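This report refers to the structure that appears directly beneath it.
Nothing in this text is a laboratory measurement; each read-out follows from the coordinates by a stated rule. These numbers come from a predicted model, not from an experiment. Every residue, glycine among them, receives a Cβ derived from its backbone with ideal geometry; neighbour counts consider all protein chains shown.
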Amino acid sequence: MIVHTCFNNCSEHGYSANILKSGICKYFRRGEKEKFIWSIIEMSLFHDHPKGSGLITNLINRLKILLMEDLSLSEVYIISECSKILDEYDKDRSQRNLLLDFCELVTKGRRNRITSYVNNWYRNKDYTRGNLVLDKVLKYKKSGDSEELLLLGEDLIHRLEKGDESIFLIFNEMMKIEGNMGLRYRRKEASYLWFEILGDYMWPAELNDIFKFSLQMFMRRGMKERPAFGIWLGLIALKRDDLDYSVKEYQKFTETHFDDYRKDMKKIEMDDYVVNDYHVNKGFGLGKFAEEGALVVDEDLSLLGDKGAEYKSYYIQKKNESDSKSKKKSKVKETSGFLHEEEKKQSKLNRKKKCFDDLDKISFSEFTNVNILEDGVCGGKVCCIEVIYKDKRYILKQMGESMNYGLDYICVDKCKTYFDLWDMKMRRIVSDKKLVRKDPTIKTFVNNSSFADEDAVFCMMDYFENIGDLGKHKEYLKDEFVVKECLKIRLFDGLFRSSDNIIRNILVNRDGELLSIDEGDIYGKRGSIFNTHEWVSSKNISDKILHEVLDDILSEKDMKIKYVSDKLVKYGFKDKVDEFVNRFNDYKSIVLSEWH
């Protein structure tokens, strides 16, 4: 067994984790029970490797997605019970007999991919709202909600009560809304109104656990299947009278059963449709996946009635069209691997270039209500600027060569969503004014700044309403949720070894929501995650919370490695990809070595 990274590994019988995950999905869809079980147990053996925890997290997430994606949503008891089994296994991953329980129960259910079919069908349709008056949605109204969101909520209730499947057009519109709305489930994304309303349609009571499971999965903002969990819950609300609520009997297994199964395991040959698949090798295309990899034997489309065959055919059509578009691309971007010394030098030079021509240009005259923020600015740091642009409030942070023209800042900000952290919707712009010192002999910008007619690069960020930094408002750290979010931010920043990784660079609002700022100089001078004599330490935070947050950071590791690597390359840090991958794979031991 070999585990270098989530992409470079080999199981006990010689398969990569990607092939095993492909086997789990394909064999379940085709009703190949024994091969399905073998693939799961083979992947569970990575638990025995010191670096295998990330792969076990991948396994758990894949099985949770399978409950939504491939098991019929009519199987209420199986979904609820299997999600609980996976949660129990996640708490103690040595209990691999629980995976046999999972396999025994989940294979009793009907199978289909109707969530994918419905998602694909409505993704390509336009939404039209009729004339509505805010009425029934007012019970859900929160401070900060826009009229646009509330009208969508009103329309959702209207269509739900009619059993209208077009509610998914409304979900897609909610997902498009940017910026903060009212606070729901400790989050301010518009799409949580969808969950709040659907929560009132989760009856009978057996649906409550499924609602919690769907919401929990949707809260993972870095997960590409995230929107599908919203669609899935909408289908459950619409079809609740047609679902199967009956309890299914199934065999419970012991550790001895698992040991016996493992002892008798022999290598199986993975089928062509498992190995030669888009999710193992992108070269095989989505069309092949739709027709072979996504094939469900004895698929139960009864919940869709006469529309089932049409939706499925349209799904295959759109996947084949995606292949046609991808063939027009000239080359595939490299996201990892070792670089020659010349490439490293060139990468460093590219990051230091101004590249003004590549950035959006906004004349400073387009900004109104300009306010230079001098409070709390120390040393010779340039002050941030608060402005209004097109009726929306933003923060501008000037970025010179010493700050790499903001490339570090924007790279880290764009990665936050993969770890379910608030981002600042940052973008880099060029404007025709530069903040300078009135008196160059005085080091500080405070009470000593003016604008010069000179182009400058700014990081432009959404304004985050706040009461100040967490260092000045430690009373919020009495709330365990805030403690966990604070620690998560510190661990996230530590993953990039960003400078100024301190709680004074975490803003807090009145609701206890946190936003991290000033993440610069990634993989630079800073070596450690934590500082000496700081609040975030084992004195104030239990090991239980540390491990819970650390597991969250390390979850879905293969997805995070891919997406973060892409961002590092995009913003000129190609030479840092290997360091990121190695640090991420060793991060648990790095954190624990600093913690005590």
Cα lying deepest toward the dipole's positive end in the chain, options Thr444, Ile429, Gly527, charges on Cβ: Thr444
Sites Asp360 and Trp595, calculated FRET efficiency, Cβ-Cβ separation with R0 41 Å, nearest 0.05: 0.45
Total lysine pairs under 21 Å (Cα atoms) in segment 57-196, excluding pairs fewer than 8 apart on one chain: 15
Rg/Rh (Cα only; Kirkwood hydrodynamic radius) as it applies to segment 162-285: 1.10
Arg62, Arg113 arranged by Cβ crowding within 10 Å, fewest neighbours leading: Arg62, Arg113
Per-residue Cβ neighbour rank within 10 angstrom, fewest leading, Arg123, Arg30: Arg123, Arg30
Between helix 97-106 and the chain: long-axis angle, C-alpha atoms, 0 to 90°, nearest 10: 70
Distance (nanometres) between label positions extended 7 Å along Cα→Cβ at Asp244 and Ile388: 6.0
Distribution of pairwise C-alpha distances over segment 496-575, 5 Å bins, in %: 3, 11, 14, 21, 26, 15, 8, 2, 0
Descending principal axes extents, segment 87-182, alpha-carbon based, whole Å: 55, 30, 24
Helix-derived mean residue ellipticity, 222 nm - over the chain, DSSP H n ≥ 4, -39500 (n - 2.57), to 500: -13000 deg cm²/dmol
Segment 408-493 - Kirkwood radius from inverse mean 1/r over Cα pairs (Å): 16.0
Alpha-carbon centroids, segment 405-457 and segment 522-562: separation in whole Å: 27
Student exercise, the chain dipole from Lys, Arg, Asp, Glu Cβ charges, in Debye to nearest 20: 1460
Extension gain, Asn447 back to Phe481 (0.36 nm per residue minus Cα-Cα distance, nm): 8.4 nm
Ascending count of other beta-carbon atoms within 10 Å, so fewest first, for Ile19, Ile170: Ile19, Ile170
Spacing of the two label points (7 Å from each Cα toward its C-beta) at Lys562 and Thr256, in nm: 4.2
Bins of 20 Å from zero: percent of alpha-carbon pairs in the chain: 17, 50, 29, 3, 0
Angle between the chain longest axis and helix 147-162 axis [Cα atoms, degrees, rounded to 10]: 10
Cleavage-rule hits, chymotrypsin sites (Phe, Trp or Tyr not before Pro), segment 170-219, DSSP coil, Cβ neighbours within 10 Å at most 14: Tyr185
Size of electric dipole in segment 123-242: Cβ of Lys, Arg +1 and of Asp, Glu -1, about Cα centre, debye, nearest 20: 520
Helix axis angle, 53-69 relative to the chain longest principal axis, alpha carbon, degrees: 60
Fraction of the pair-distance distribution of segment 356-595 above 34 Å, Cα-Cα pairs, percent: 18
